[in-house]
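The values are calculated or read from the model by the stated rules, or taken from the named source; none is laboratory data. As the structure is a computational prediction, the values presented were derived from the model and not from experiment. Note that each Cβ is placed from the backbone with ideal geometry, even for glycine, and that neighbours are counted across all protein chains shown. Note: areas computed on protein heavy atoms with side chains; ligands, DNA, RNA excluded. Shrake-Rupley method; radii C 1.70, N 1.55, O 1.52, S 1.80 Å.
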Amino acid sequence: MTKHIGIVAVSAEGAALCYRTICLEGSGFLGPHEHPEITLHGFTLGSYQRLVDEDRWDAVGEMMLESAAKLVQSGAQLLICPDNTVHQGLDLVRERSPAPWIHIAEEVADEARRRGFKRVGILGTRYLMEGPVYPSKLAPAGIEYRIPNVEQRERINQIIYGELVNARILPESRAYFQNAIRDLAADGCDAIALSCTEIPLLISPADSPLPVLDSTRILARAALRKAI
């Protein structure tokens, strides 16, 4: 028997990629066209974003708990959220969750440690790059981190919210990300964390000047392992 996975969705594109990964890769464990039972619930990205913009991370966490409760009522036994930024809110309320969470940054940090990376570049929303979610998980793993400069952080944030969450994939934005990754490599990074769940739609391992830690797929695969 497999465990029922509950997905707390924030952006449609990030949640869809995570869901698709679980379904497609589930067959490798369970047989053709098989995967664990999955239920997804999502409030709007806009409702989360208003709270994030107001720096109300406690309210972000409460919204995630409300979504989690709906999933548990539907039978979910473990919970994931394919959105890195809102984990800053989850960290404030996780101990009150009605079911266990798989934390996206913890899984990325574990994968970075497993692969022997020492200094990881973090790409994500401005809130994520400047916030505590990844530093708090990388430091206990003995891994340093770097983030892009201020101008790059602002442009990356614009690309995420203006393009990627709306399924707009532009070659010029891919080139911008590649240049930012090259700058992080010059700063001593030996890997890059795609710490926004839509970035893998733009940057694949073949596109990146550094080895990639794809947070979306790392989370999906962790959910698969723990469900099975």
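All of (1) open to solvent by 70 Å² or more (accessible area, probe 1.4 Å); (2) touching a residue at least 24 places away in the same chain (Cβ under 8 Å) hold for Ala167 with one exception: (1). Only residues that are touching a residue at least 24 places away in the same chain (Cβ under 8 Å), part of a helix (DSSP H, G or I) and open to solvent by 40 Å² or more (accessible area, probe 1.4 Å) were counted across region 206-228, and they come to 3.
Note on region 100-159: residues that are among the aromatic types (Phe, Trp, Tyr), in contact with a Lys or Arg (Cβ under 8 Å, 6 or more places away or on another chain) and closer than 18 Å to Thr216 by Cα total 1. Of all residues assigned to region 2-14, none qualifies as being over 20 Å from the mean Cα position of the chain (by Cα) and exposed (fewer than 15 other Cβ atoms within 10 Å of the Cβ).
Would you check which residues across region 55-94 are hydrophobic (A, V, I, L, M, F, W, C), open to solvent by 30 Å² or more (accessible area, probe 1.4 Å), touching a helix residue (DSSP H, G or I) at 6+ places or on another chain (Cβ under 8 Å) and within 17 Å of Thr44 (Cα to Cα) and list them?
The initial filter retains those residues of region 55-94 that are hydrophobic (A, V, I, L, M, F, W, C), namely 57, 59-60, 63-65, 68-69, 71-72, 76, 78-81, 86, 90, 92-93.
Subsequent filtering for residues that are open to solvent by 30 Å² or more (accessible area, probe 1.4 Å) retains 63, 69, 72, 92.
Then drop every residue that is not touching a helix residue (DSSP H, G or I) at 6+ places or on another chain (Cβ under 8 Å), which leaves 63, 92.
Across region 55-94, the qualifying residue is only Met63.
Looking only at residues in region 178-205 that are closer than 21 Å to Lys137 by Cα and of a type in the set (Ser, Thr, Tyr), which one is surrounded by the fewest Cβ atoms within 10 Å (Cβ to Cβ)? The qualifying residue surrounded by the fewest Cβ atoms within 10 Å (Cβ to Cβ) is Ser195.
Listed by first and then second residue, the pairs linking a residue in region 72-83 that is over 20 Å from Ile228 (Cβ atoms) to a residue that is open to solvent by less than 10 Å² (accessible area, probe 1.4 Å) and among the small types (Gly, Ala, Ser), with Cβ atoms under 6 Å apart and 6 or more places separating them unless they lie on different chains, are Asp83/Gly14.
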